[in-house]
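The structure appears below as structure tokens.
The values are calculated or read from the model by the stated rules, or taken from the named source; none is laboratory data. Note that the structure is a prediction, hence the values are computed from the model and not measured. Note that each Cβ is placed from the backbone with ideal geometry, even for glycine, and that neighbours are counted across all protein chains shown. Just the protein is used for accessible areas: all its heavy atoms, side chains included, with ligands, DNA and RNA removed. Shrake-Rupley method; radii C 1.70, N 1.55, O 1.52, S 1.80 Å.
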Amino acid sequence: MEIIAASTEQLLADFESKINAEIKIEPRDWMPEEYRQNLIRQMSQHANSEVIGMQPEGNWITRAPSLRSKKILLAKIQDEGGHGLYLYSAAETLGVSREELIQALHEGKAKYASVFNYPALNWADMGAIGWLVDGAAITNQVSLQRTSYGPYSRAMVKICKEESFHQRQGYEIMWRMMEGTKDQQQMAQDALNRWWWPALMMFGPHDSDSPNSTLAMKWKIKRESNDQLREKFINKTIPQAELIGLKIPDEHLQLLDNETYKHGDINWEEFWAVIKGNGPCNQQRLEHHIRAHQEGAWVRETAIESAQKNKI
Amino acid sequence: MEAKENQGELWEVFLQTKPGQAFKHVGSVHAFDKNLAIENARDVYTRRGEGTALWVVPSKEIVAVTANEAEYFFEAADEKIYRHPTFYSMPEGVKNM
Ligand SMILES: [Fe+2]
Ligand SMILES: [Fe+2]
């Protein structure tokens, strides 16, 4: 078969015209190296977040207050492990291996959402995490269903279907506590106070300070900016808080019109400190992942041996 | 970057959502043999009864047309427009055709 090599300019022009026409880019299509690298960075960070995010909640499985809540929490955390796997699998279509991605996480070269570096102190935090942290993640993931890379977009569609129970189970915990005793109401309010700002930080720096956003928006890896997504999340979450009698911990919160809010200043110093490794649980989260991975080595070794035997 | 460890081969996962429907590619899993591959595929892709049947295939066994080849590879079909029903002219008033 005779193949005529196209020039890089021509390939780039074809690529960009596909992006403009909302045609998904697939693994075997030509793509600029920067697009590929940008995707690997974003998708591996996303996959790592799903998996590291199992830890704050995993800590509460044995202390769930009822069998019902324990089963729900287990199913939710198992989903998050699944989300990590869909995303590693999608990232692998770009020619990077899962081994490499996990190694980069362990070496501190790849990041995960900084929100998971905060501790889950009591049962109300299971409510706040599901409602706010999954709620923020859903806002972002709904938008990413329209990302330009096919495998990433398909993973997002599947993840979004599964996520809606995550947020609802969290909100149900908060609601039940708000219907309970004074102490329970206070626990719920305290959990909201601690998780509200880290949840807002999940959307990343303001658009004016977000270095990776321009190219990602141009090539439609991201479809909405950090600030646009943050606004969406705030506008839908505040009425949910008010409905069950919770107060948003922001003195400067302003209602601009019927459904738009303006939030007070976010503590970006805290955000950057947590990203750089100085959050309350950074070290614990990474060490735990490395330990669990090493302790599982025998499973992989046994499986390899058994596979060899079955071949003979 | 050199990866240090073996996490098994990559397997592509195909799911049939209802009897009678075509199998659809849903993603991939890592596994060391076919039994683990199909169990991993069940746990990762069918936690909510999404399927009635499941296939796993070693990724390296899949043969595909590369993106550069695609245009030439499929070209022959482009000329054969008489393979489509709309190619034929029909007398006015003909029914059930
Ligand atoms: Fe998730
Ligand atoms: Fe979730």
The range A:59-75: number of residues that are away from chain B (no Cβ under 14 Å) and open to solvent by 30 Å² or more (accessible area, probe 1.4 Å): 9
Test for A:Ala136: is it open to solvent by 10 Å² or more (accessible area, probe 1.4 Å), under 28 Å from A:Lys218 (Cα atoms) and either more than 16 Å from ligand 1 (Cβ to nearest atom) or not polar (S, T, N, Q) (or both): no
Residue list for the range B:7-22, restricted to those being open to solvent by 60 Å² or more (accessible area, probe 1.4 Å) and away from every other protein chain (no Cβ under 13 Å): B:Lys18, B:Pro19, B:Gly20, B:Gln21, B:Ala22
Any chance A:Ser44 is more than 13 Å from ligand 1 (Cβ to nearest atom), at pLDDT 95 or above, within 14 Å of the chain's Cα centre (by Cα) and among the hydroxyl-bearing types (Ser, Thr, Tyr): yes
Number of the exception - A:Met174 against (1) open to solvent by less than 40 Å² (accessible area, probe 1.4 Å); (2) within 16 Å of ligand 1 (Cβ to nearest atom): (2)
Members of the range A:76-89 that are at the interface with chain B (Cβ under 7 Å from one of its Cβ atoms) and either away from ligand 1 (no atom under 16 Å from the Cβ) or small (Gly, Ala, Ser) (or both): A:Gly82, A:Ser89
Flag if A:Glu50 is away from chain B (no Cβ under 12 Å), surrounded by 17 or more Cβ atoms within 10 Å (Cβ to Cβ), within 16 Å of ligand 1 (Cβ to nearest atom) and acidic (Asp, Glu): yes
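Here is a yes/no grid of residues against (1) at pLDDT below 95; (2) touching a helix residue (DSSP H, G or I) at 6+ places or on another chain (Cβ under 7 Å):
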{"position": "A:Leu215", "(1), (2)": "yes, yes"}
{"position": "A:Glu242", "(1), (2)": "no, no"}
{"position": "A:Gln254", "(1), (2)": "yes, no"}
{"position": "A:Thr260", "(1), (2)": "yes, yes"}
{"position": "A:Asp265", "(1), (2)": "no, no"}
{"position": "A:Asn278", "(1), (2)": "yes, no"}
{"position": "A:Gln284", "(1), (2)": "no, no"}
{"position": "A:His288", "(1), (2)": "no, yes"}
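Here's the yes/no breakdown for (1) within 16 Å of ligand 2 (Cβ to nearest atom); (2) open to solvent by 40 Å² or more (accessible area, probe 1.4 Å); (3) farther than 22 Å from A:Ser69 by Cα; (4) in contact with a His (Cβ under 7 Å, 6 or more places away or on another chain):
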site: A:Gly95; (1), (2), (3), (4): no, yes, yes, no
site: A:Glu99; (1), (2), (3), (4): no, no, yes, no
site: A:Ala110; (1), (2), (3), (4): no, no, yes, no
site: A:Ala124; (1), (2), (3), (4): no, no, no, no
site: A:Gly130; (1), (2), (3), (4): yes, no, no, yes
site: A:Ser148; (1), (2), (3), (4): no, no, yes, no
site: A:Gly180; (1), (2), (3), (4): no, no, no, no
Considering residues of the range A:280-303 that are aliphatic (A, V, I, L, M) and surrounded by 15 or more Cβ atoms within 10 Å (Cβ to Cβ) only, the residue farthest from A:Glu50 (Cα to Cα): A:Ala303
Pair list, Cβ under 7 Å, 6 or more apart: the range A:80-101 residue more than 16 Å from B:Ala41 (Cβ to Cβ), other residue within 15 Å of ligand 1 (Cβ to nearest atom) and assigned to a loop (DSSP other than H, G, I, E, B): A:Glu80/A:Gly53
Test for A:Ile23: is it more than 9 Å from chain B (Cβ to nearest Cβ), within 13 Å of ligand 1 (Cβ to nearest atom) and either open to solvent by 10 Å² or more (accessible area, probe 1.4 Å) or β-branched (Val, Ile, Thr) (or both): no
Residue check, A:Ile129 within 16 Å of ligand 1 (Cβ to nearest atom) and in contact (Cβ under 8 Å) with a residue 24 or more places away in the chain: yes
Residue in the range B:62-85 that is exposed (fewer than 15 other Cβ atoms within 10 Å of the Cβ) and touching a strand residue (DSSP E or B) at 6+ places or on another chain (Cβ under 9 Å) present: yes
Pairs, first within 9 Å of chain A (Cβ to nearest Cβ) in the range B:28-43, second in a strand (DSSP E or B) and aromatic (Phe, Trp, Tyr), C-beta under 7 Å, six or more apart: B:Ser28/B:Trp11; B:Val29/B:Trp11; B:Ala31/B:Trp11
Some residue of the range A:154-166 being touching a Pro at 6+ places or on another chain (Cβ under 7 Å) and either surrounded by fewer than 18 Cβ atoms within 10 Å (Cβ to Cβ) or in contact (Cβ under 8 Å) with a residue 60 or more places away in the chain (or both): no
The range B:44-60 - residue that is over 16 Å from the mean Cα position of the chain (by Cα) and within 12 Å of another protein chain (Cβ to nearest Cβ) and, of those, surrounded by the most Cβ atoms within 10 Å (Cβ to Cβ): B:Val44
Residue list for the range B:23-57, restricted to those being in contact with an Asp or Glu (Cβ under 6 Å, 6 or more places away or on another chain) and farther than 22 Å from A:Lys76 by Cα: B:Val57
